[in-house]
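Trainee: I have a structure I would like to understand better, so I am pasting it below and will then ask my questions one at a time.
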Amino acid sequence: MSNLSTPRSVQPPASAGFEYVNRYWDSVHNVWAAKILPGEFYVSTHGEMVVTVLGSCIAACIRDKVRGIGGMNHFMLPAQGEFSSDIWGSNPLTHASRYGNWAMEYLINEILKRGGKRENLEVKLFGGGQMIASMTDIGQRNILFAYNYLANEGLKVTAADVGDIFARKVLYFPDTGCVKVRRIKQLNNDTLVKRETEYQKTVEQPPAAAAGSIDLF
């Protein structure tokens, strides 16, 4: 019997500054993928898939729809607050997505640096679910921030799946603009909730302490 599966291609190099991101071969979609966690983002020029799992957090998927250059961010809080840490480290890319204002700015700028053009940008938004009782307003704050930020930048949201009470797994293909979203209505464990709770504590600690469619699958 012949093997009809697509052979694994040679992994494309990561763009400068994104070497820290977990990248792997996805045998289901037969494509190289980059998985981002809260406080991370990734930009690809090679047709990779970008993956994340969201609860209260927001992910913006942005690409140049002409050149196929794009990526995704994943942030927890809308903006840097009075007691948020100002320490970004030697490489700001590894910390850019901890706040929405930085996450959006860095993602857009990195796409433009790699040849994208602002007039060609296509934006899709995901996440902002009400996952944690003690964080009931976080998801909605993130959603409102993202829409307001993009409106102020003159960028239109072409597709979105935000709000409600469930988590989401998002698969994004920057070269085509295709997005696959799985709504996770029942979590098998509390890993995601714990991750977001701990991450919220990290980003809020005082400085001294530290036009496309969506496929549901």
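Trainee: Taking Gly116 as the residue in question, decide whether it is modelled with pLDDT of 85 or more and part of a loop (DSSP other than H, G, I, E, B). Write out each step before concluding.
Mentor: On the way: modelled with pLDDT of 85 or more: yes; part of a loop (DSSP other than H, G, I, E, B): yes.
For Gly116, the condition - modelled with pLDDT of 85 or more and part of a loop (DSSP other than H, G, I, E, B) - is met.
Trainee: All but one of (1) at pLDDT 90 or above; (2) out of contact with any Asp or Glu (no Cβ under 6 Å at 6 or more places or on another chain); (3) polar (S, T, N, Q); (4) surrounded by 13 or more Cβ atoms within 10 Å (Cβ to Cβ) hold for Ser84, so report the exception by its number.
Mentor: (1)
Trainee: May I pose another question? Of the residues Arg98, Arg63, which single one is at pLDDT below 95, buried (at least 18 other Cβ atoms within 10 Å of the Cβ) and charged (D, E, K, R)?
Mentor: Answer to the check: Arg98.
Trainee: Report, by residue number, each residue of the stretch 35-48 that is in a strand (DSSP E or B) and surrounded by 24 or more Cβ atoms within 10 Å (Cβ to Cβ).
Mentor: Listed by number, the residues that qualify are Phe41, Tyr42, Val43, Ser44.
The values are calculated or read from the model by the stated rules, or taken from the named source; none is laboratory data. Just so we're clear, the structure is a prediction, and the values are computed from it rather than from any experiment. Every residue, glycine as well, gets a Cβ built from its backbone with ideal geometry; the counts of neighbours run over all protein chains shown.
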